[in-house]
1. Can you pull out every residue in segment B:160-183 that is within 10 Å of another protein chain (Cβ to nearest Cβ) and in contact with an Asp or Glu (Cβ under 6 Å, 6 or more places away or on another chain)?
2. Please work out which one of (1) under 16 Å from residue B:231 (Cβ atoms); (2) outside any helix (DSSP H, G or I) is the condition residue B:153 fails and give its number.
3. In segment B:184-204, what residues are charged (D, E, K, R) and either within 8 Å of another protein chain (Cβ to nearest Cβ) or under 19 Å from the mean Cα position of the chain (by Cα) (or both)?
4. Taking the condition of being surrounded by fewer than 24 Cβ atoms within 10 Å (Cβ to Cβ), on the phi < 0 side of the Ramachandran plot and in a loop (DSSP other than H, G, I, E, B), how many residues in segment A:262-282 meet it?
5. Look at segment A:339-351 and say how many of its residues are buried (at least 19 other Cβ atoms within 10 Å of the Cβ) and either under 23 Å from residue B:180 (Cβ atoms) or β-branched (Val, Ile, Thr) (or both).
6. If we keep just the residues of segment B:198-249 that are without any contact (Cβ under 8 Å) to a residue 24 or more places away in the chain and β-branched (Val, Ile, Thr), which is surrounded by the fewest Cβ atoms within 10 Å (Cβ to Cβ)?
7. What is the one condition in (1) within 10 Å of another protein chain (Cβ to nearest Cβ); (2) outside any helix (DSSP H, G or I) that residue B:83 does not satisfy?
8. Taking segment A:308-346 only, how many residues are in contact with a Phe, Trp or Tyr (Cβ under 6 Å, 6 or more places away or on another chain) and more than 10 Å from every other protein chain (Cβ to nearest Cβ)?
Amino acid sequence: MRRRSFMGALCAAGSLPAFGWAAAGSPAWLAAAREPDGAYALFGIARDGSDLFRIPLPDRGHAAAAHPTAPEAVAFARRPGTFALVIDCSLGTVLHRLDAPEGRHFYGHGTFVEGGRVLVTTENDIATGEGRLGLWSRDEGYRRIGEIASGGVGPHDILTLPGDVLVIANGGILTDGREKLNLDTMRPNLSYATVAGGVDETVELAADLNRLSIRHLAHQDETVAFAMQWEGEETDPVPLLGLHRRGEAPMLARVGLAEHMLMKGYAGSVAIADGLVAITSPRGGRVHRFGLDGVFLDAHDRADVCGVAPGDRGMVLSDGLGGLLTLDASGLAPLSKADRAWDNHMVRVPV
Amino acid sequence: MRGLVLTLAVTLAPLAGHAGVEQAVDDHILPAVAAFQADTTALRSAAEADCTQEAVRPAYQSAFDAWMGVAHLQFGPLEETGRGLSIAFWPDARGMVPKAVAGLVAEADPVIDDADAFAQVSVAGRGLFAIEAVLYGESYDADDYACRLAVALSRDLARTGHALAEAWDAYAEILRTAGEPGNAAYMSEAEATRELYTALMTGLEFTKDQRLGRPMGTFERPRPTRAEAWRSGRSQRNVVLSLEALRGLAAELAEAPETDAAFARAIATAEALDDPVFAGVADPAARFRLEALQQEIASIQTATATEIGAALGVSQGFNSQDGD
């Protein structure tokens, strides 16, 4: 029923100028998945968890960047992929294919700045191992218009804060393909930058936490939550979540030893909603929630859970078994189930 | 009757997922959980009657035996609030258990006199491995702090055993109602089957790589004191008991003759090792027998994947298998 009404909207939209995200049948989230036959696709997902559209991807996807106003999204290949697809979510078509320049690969995340006129992608300069931020002009059909330094090695997630400030999770891990090369010497950081001025603030954790890779980001106003992955013994009681405001020291969110070990030293995604932060561990099949003050609230079990994004109320989670679930004050509840494996991330579409 | 159901089930391809779950809960999980509750209660009674080392050891050994019947069920009730780790904190790469126990003893920490407060002590300072450190560590007298610690640890474990049984009463229903509206743990019957299959495969991996692999270390550097529960002489016994428990779970999931035969071979090898704490890891001949046992467990994994996994249509996690 929903699908049919979407198809109706689709036909109508074809002959009309873009009307913003409502034209796409108002997807609430975007997520990539592997399908039963092994193919990969990006899905637009309605509030009730049903599919609004499906767009085939040439290979495994990772995250997507939703345009702030137009019903357009960029789906990124998983690292070390070299493609990104710009998708018209109202027509269900691919508008452009972005290919990483020679000697670069994508890390799987990106964001828009300047009101959606410029797309910023996290990339690796393969020859030097330095992180780069690729710049693409939407007005010029996503032409590559330049790049700046990311401020570290292995830039992964990136977000736009108020005032077009970019926040970048430089994971610190030098890779060849998917092989990790520098675990002993890695130095991850959280960097802040503008397109015009480059990196102007870098936050590093204590030296004994150098194996704690800063990977994924969420923000509420100017508070940034960063989720991390530990490249050491699982029993080492290191934090997997940090909270930061510019100009201040980072605050690390701690949990007890048992809760820590159940996360297997690994947070795969992070989201903020309703004044709470959630991190997911697919390895532990576990979700942790904290207050924005970094105080641990509770844990929830769900096998192979990874994607997490704000929902209408609380959060929405996705997992490798094809499940979408809501997580709010009353706990976990099923939303929908499909015959596919949801990939690492869910992206909330701007309302 | 059960044999008949299984025979019918294997003629359907793929298997209807739910049949094995119901049986595994009723015939495998709940009896093992009840046995663990009973044996940890008996351990508490033994320690309360006489807390000296010699007096408590037999009940500790029985409770550990019972733990091997549930240790592979690492989901749901054992993951709630870190319950499983508060029962058995192993492997302990950083030596946190002996440190936690030594810390309590050194300070004669009065936390042992308050059960609620003791339940908040770090999981490394509680459970079977903390009890082992007390019962098989430095000797003590009946009026020493260590004796009272043995009582407090046994009471805490019995309390956890009771809580585990209560949690399983509720969780059994969650497994049985897989796929029904509102069930967020199992959104389909197949997910419940997959949970048990994953526990089976993870348990095999754990016994091969941790229970055997940790003491084996490398050929150049064997690590016998990394064997599980070597202080209480249980390393080999734990391997045998874990394989027996996993064989029992496998039998509930599907009729799998090749898997069962592979279990039988590995269990026979494990029983014949005559190396109770894997002290032989430094001896080439004994080491060869442990390597052979690892190979036989790998064969169980292969047989399980092809015979049970394929029939159930399950595979391992998409996101949990490689990070990003």
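1. B:179
2. Exception for residue B:153: condition (2).
3. Initially, segment B:184-204 is screened for residues charged (D, E, K, R), giving B:189, B:191, B:194-195.
Hits for segment B:184-204 are B:191, B:194, B:195.
4. Qualifying residue count, segment A:262-282: 0.
5. So the count comes out to 5.
6. By that ranking, first place goes to B:218.
7. Evaluating residue B:83 over (1) within 10 Å of another protein chain (Cβ to nearest Cβ); (2) outside any helix (DSSP H, G or I) leaves (2) as the failure.
8. 2
The values are calculated or read from the model by the stated rules, or taken from the named source; none is laboratory data. These figures come from a predicted structure and were not determined experimentally. All Cβ positions, even for glycine, are placed from backbone atoms using ideal geometry, and neighbour counts span all protein chains on display.
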